[in-house]
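The values are calculated or read from the model by the stated rules, or taken from the named source; none is laboratory data. Keep in mind that this is a model prediction, so the values were computed, not measured. So basically every Cβ, Gly included, is an ideal-geometry build from the backbone, and we count neighbours across all protein chains shown.
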Amino acid sequence: MLNLLAQTKNNLLNESPPWMWVLIVLVVLIGIVVLVVFFRFFRLWIQCLLTGANIGIPQLIAMKLRAVDYEMIVRQKIALVRAGVKITTEELESHFLARGNVPKTSTAVIAAHKAGMDLPWKTASAIDLAGRDILEAVKTSVNPKVIDCPDKGIGRQFLDAVCKNGIQLRCKARVTVRTKLERLVGGATEETIIARVGEGIVKAIGSANDHKEVLANPNMISQTVLHNALDAQTAFEIVSIDIADIEVGENIGAKLQADQAAADLRVAQAEAEKRRAAAVALEQEMIARTQENRAAVVLSEAEVPQAIAAAFRAGHISVSDYYNIKNLQADTSMRTSIAGGMGGNADNTDRPLS
């Protein structure tokens, strides 16, 4: 019996055509590939089947061929589905292919869903692709964030402002903000909030009549600033503004008045120096005019002897008249010398005729 079966087998092998051998090899190879693929994706497919993720083996193979991290996609799809978020596998795959951070975006959407916030996957993926930290934004929406004003990173410790009475006040503020997810893309950042709050605090202190009012009720500053809609066109909503520290600085008003008085003094000194210089110049001019007039007198006196000589030649005066004139001049000169010796002012204009 065994010999008969062996002979039958040998006859079949000898009588089989070559193409059948090729077909058998192909079937075996295909079977091996199917088994390898099945066992490789079987675990993930079972997970999707048990969790309701609804991802089949063909989809897993397609993601593998598209160079998608299918294991990560499966994990995130399971987490989203179990959290009650409706999402398709194509949306997760598209975000991954767009170079988005699928795990962080999924975590943010789940956190927003659990917190009762409306954050669709499309919005979350757009925020993530825009370069914003979507998970941090959701956390800030749930738990408001505190921002220091001024920012310690720029080196300033206080905001400086001057009341109407001239007293400088230096203060610090803490701004509590909550993220607006619908404005996160295109909305202004924390720097804008800090700048607006700082400007509002400076204006509020500057409008106060007395610094004592501000020190007695520092919250009046935050209340004034909070009602100015400083969060317009920003990615945040201002919850509260609290004055963390406030202290009295310099008396800027008195300092400005002292500086103004010093400036006025310098102006007055300059005007006085200008008038003094003008007076000195006028004095020198008058001295020059006096010397000029004296020179004219000397020239006129030099003509007197010539006139007397001409009168002698013409016979208008006699020798006795000439000596009378000389005696008169001598008597005048003597009186002048006596007056000068007694402390009087000698008149040098009365000179003897030469």
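Against the condition outside the structural domain of Gln157 (by TED's automatic domain parsing), out of contact with any Asp or Glu (no Cβ under 7 Å at 6 or more places or on another chain), touching a residue at least 12 places away in the same chain (Cβ under 8 Å) and acidic (Asp, Glu), how does Glu283 come out, does it pass? Here the answer is no, as Glu283 does not meet what is asked.
Have a look at Thr189, Thr123, Thr176 and point out the one that is assigned by TED's automatic domain parsing to the domain that holds Thr88, of a type in the set (Ser, Thr, Tyr) and surrounded by fewer than 21 Cβ atoms within 10 Å (Cβ to Cβ).
Result of the check over Thr189, Thr123, Thr176: Thr123.
Residues that are more than 20 Å from Asp231 (Cβ to Cβ) and crowded, with 19+ Cβ neighbours inside 10 Å were ranked within the range 135-167; the one that is farthest from the chain's Cα centre (by Cα) is Leu135.
If only residues of the range 47-78 that are of a type in the set (Lys, Arg) and in a helix (DSSP H, G or I) are counted, the one that is surrounded by the most Cβ atoms within 10 Å (Cβ to Cβ) is Lys77. Condition test on Arg170, is it more than 30 Å from Ala98 (Cβ to Cβ), at pLDDT below 85 and either outside the structural domain of Asn217 (by TED's automatic domain parsing) or surrounded by fewer than 19 Cβ atoms within 10 Å (Cβ to Cβ) (or both)? Considered against the rule, which asks whether it is more than 30 Å from Ala98 (Cβ to Cβ), at pLDDT below 85 and either outside the structural domain of Asn217 (by TED's automatic domain parsing) or surrounded by fewer than 19 Cβ atoms within 10 Å (Cβ to Cβ) (or both), Arg170 comes out as no.
The set of residues in the range 222-233 that are farther than 15 Å from Thr176 by Cβ and in contact (Cβ under 8 Å) with a residue 24 or more places away in the chain comprises Thr224, Asn228, Gln233. The conditions of being of a type outside the set (Phe, Trp, Tyr) and not assigned by TED's automatic domain parsing to the domain that holds Asp160 are met by Glu303. With respect to the conditions (1) touching a strand residue (DSSP E or B) at 6+ places or on another chain (Cβ under 6 Å); (2) over 24 Å from Ala235 (Cβ atoms); (3) at pLDDT below 85, Asn165 lacks only one, and its number is (1). Condition check for Ala295 on (1) surrounded by 11 or more Cβ atoms within 10 Å (Cβ to Cβ); (2) assigned to a helix (DSSP H, G or I); (3) at pLDDT 80 or above; (4) hydrophobic (A, V, I, L, M, F, W, C): one failure, at (1). The set of residues in the range 98-131 that are over 16 Å from Val185 (Cα atoms) and within 33 Å of the chain's Cα centre (by Cα) comprises Asn101, Lys104. The residue that is modelled with the highest pLDDT, counting only those in the range 306-325 that are of a type outside the set (A, V, I, L, M, F, W, C) and surrounded by 12 or more Cβ atoms within 10 Å (Cβ to Cβ), is Asn324. Any chance the range 213-227 includes a residue that's assigned to a loop (DSSP other than H, G, I, E, B) and surrounded by 20 or more Cβ atoms within 10 Å (Cβ to Cβ)? Checked the range 213-227: no residue is assigned to a loop (DSSP other than H, G, I, E, B) and surrounded by 20 or more Cβ atoms within 10 Å (Cβ to Cβ).
Confirm whether Val146 is closer than 30 Å to Glu90 by Cα and free of Cβ contacts under 8 Å to residues at least 60 places away in the same chain.
No: the conditions fail for Val146.
Residue pairs whose Cβ atoms lie under 7 Å apart, separated by 6 or more positions or on different chains, with the first residue in the range 320-340 and in contact (Cβ under 8 Å) with a residue 24 or more places away in the chain and the second not in a helix (DSSP H, G or I), are Ile325/Leu353; Lys326/Leu353; Gln329/Pro352; Gln329/Leu353.
Where strands (runs of 3 or more DSSP E) fall entirely within the range 79-190, those with at least 2 residues that are polar (S, T, N, Q) are at 167-179.
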